[in-house]
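Undergrad: Input: one structure, supplied below.
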Amino acid sequence: MRKLLKILVNKRVLILSVLSAVIYLLISRYQISLWYVLLVGVLLGIVFGKVFCRWLCPMGLIMELIMNMNPNSKMNQMYQYHKIGCPIAWISGWLNKYSFFSIKIDSNNCSKCGICDKECYVVQMQPEKFSLYQKNMQKPGNSYTCSKCLKCVVSCPNGSLQYKI
Ligand code: SF4
Ligand code: SF4
């Protein structure tokens, strides 16, 4: 399962490219109402949290390509982009707290190496507030800004982080 997740995360931009092209076609060629897109984003939000932005959204793909042009400030750009968002992001971001799937830590298995925090743009922008592994800190995966890139989960060398029900 972890192997599959790693492949998906590594191929995320490709997956985003294909799915966002499908959504774009559905809207532009087949005149699918944006209300349906909003509904899909919200339903996915209930199950998975804020996955739409980084896995399906045509606008998200464009933003990501722009961010890749300036990798030095990528964390900051990502944070700002996912903070502002759109109605789908607002609702599914709020659902990060309540979605069926969420990022969980097995504290007994955590060596406190801090690699996960370094991979997370939410933590990098507000290290005084968020941490994936430190106790008494808010969990970035529950925050509105987390768009379920899942880099934290696949980067943990001990497999202590899991994205599960
Ligand atoms: S990467 Fe894994 S082992 Fe390291 S601090 Fe994070 S959860 Fe703990
Ligand atoms: S999925 Fe993990 S690394 Fe990505 S934004 Fe959320 S908490 Fe941070």
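The values are calculated or read from the model by the stated rules, or taken from the named source; none is laboratory data. Source: prediction; values computed, not measured. Counting neighbours? That spans all protein chains shown, and the Cβs are built from the backbone with ideal geometry, glycine included.
Undergrad: Quick one: is Met78 free of Cβ contacts under 8 Å to residues at least 12 places away in the same chain and of a type outside the set (S, T, N, Q)?
TA: no
Undergrad: Can you tell me which residue within region 68-124, out of those that are assigned to a loop (DSSP other than H, G, I, E, B) and within 16 Å of ligand 1 (Cβ to nearest atom), is nearest to the chain's Cα centre (by Cα)? Working first, answer last.
TA: First, pick out the residues of region 68-124 that are assigned to a loop (DSSP other than H, G, I, E, B): 70, 85-86, 96-101, 106, 110-114, 120.
Then drop every residue that is not within 16 Å of ligand 1 (Cβ to nearest atom), which leaves 106, 110-114, 120.
Numbers: Asp106: 20, Cys110: 22, Ser111: 24, Lys112: 22, Cys113: 22, Gly114: 19, Cys120: 10 Å.
Per the stated criteria, the residue is Cys120.
Undergrad: Pairs, please: C-beta under 7 Å, at least 6 apart or cross-chain, first residue at negative phi and of a type in the set (Val, Ile, Thr) and in region 124-141, second surrounded by fewer than 16 Cβ atoms within 10 Å (Cβ to Cβ) and modelled with pLDDT under 95?
TA: none
Undergrad: If you don't mind, there's one more thing I want to ask. Tyr121: near ligand 2 (Cβ under 8 Å from one of its atoms) and within 18 Å of Met63 (Cα to Cα), yes or no?
TA: Criteria met by Tyr121.
Undergrad: Tally up the residues in region 151-160 that are over 11 Å from the mean Cα position of the chain (by Cα) and surrounded by fewer than 22 Cβ atoms within 10 Å (Cβ to Cβ), please.
TA: 6
Undergrad: Okay, next question. Here are Lys164, Lys83, Lys148: which of them is in contact with a Phe, Trp or Tyr (Cβ under 7 Å, 6 or more places away or on another chain), within 16 Å of Arg54 (Cα to Cα) and charged (D, E, K, R)? Let's see the steps before the verdict.
TA: On the way: Lys164 fails: within 16 Å of Arg54 (Cα to Cα); Lys83 fails: in contact with a Phe, Trp or Tyr (Cβ under 7 Å, 6 or more places away or on another chain).
Exactly one residue qualifies, and that residue is Lys148.
Undergrad: While we're looking at this one, here's another question. Please find, within region 151-165, the residue that is nearest to Cys116 (Cα to Cα) out of those that are part of a loop (DSSP other than H, G, I, E, B) and near ligand 1 (Cβ under 7 Å from one of its atoms).
TA: The selected residue is Cys156.
Undergrad: List every residue pair whose Cβ atoms sit under 6 Å apart, with the two residues 6 or more apart in sequence or on different chains, where the first one lies in region 88-103 and is over 19 Å from Val154 (Cβ atoms) and the second, anywhere, is charged (D, E, K, R) and at pLDDT 95 or above.
TA: If the second residue must be charged (D, E, K, R) and at pLDDT 95 or above, the pairs left are Ser92/Lys50; Gly93/Lys50.
Undergrad: I've got another one for you. How many residues are more than 16 Å from Cys86 (Cβ to Cβ) and modelled with pLDDT under 95 when one looks only at region 27-50?
TA: 5
Undergrad: Another question, then. Search region 125-150 for residues being outside any loop (DSSP other than H, G, I, E, B) and surrounded by fewer than 17 Cβ atoms within 10 Å (Cβ to Cβ), and hand back the single one that is nearest to ligand 2 (Cβ to nearest atom).
TA: Going residue by residue through region 125-150, those that are outside any loop (DSSP other than H, G, I, E, B) are 125, 130, 138, 140-142.
Going one step further and asking which of them are surrounded by fewer than 17 Cβ atoms within 10 Å (Cβ to Cβ), we end up with 138, 142.
Details: Gln138: 11, Asn142: 9 Å.
Here the answer is Asn142.
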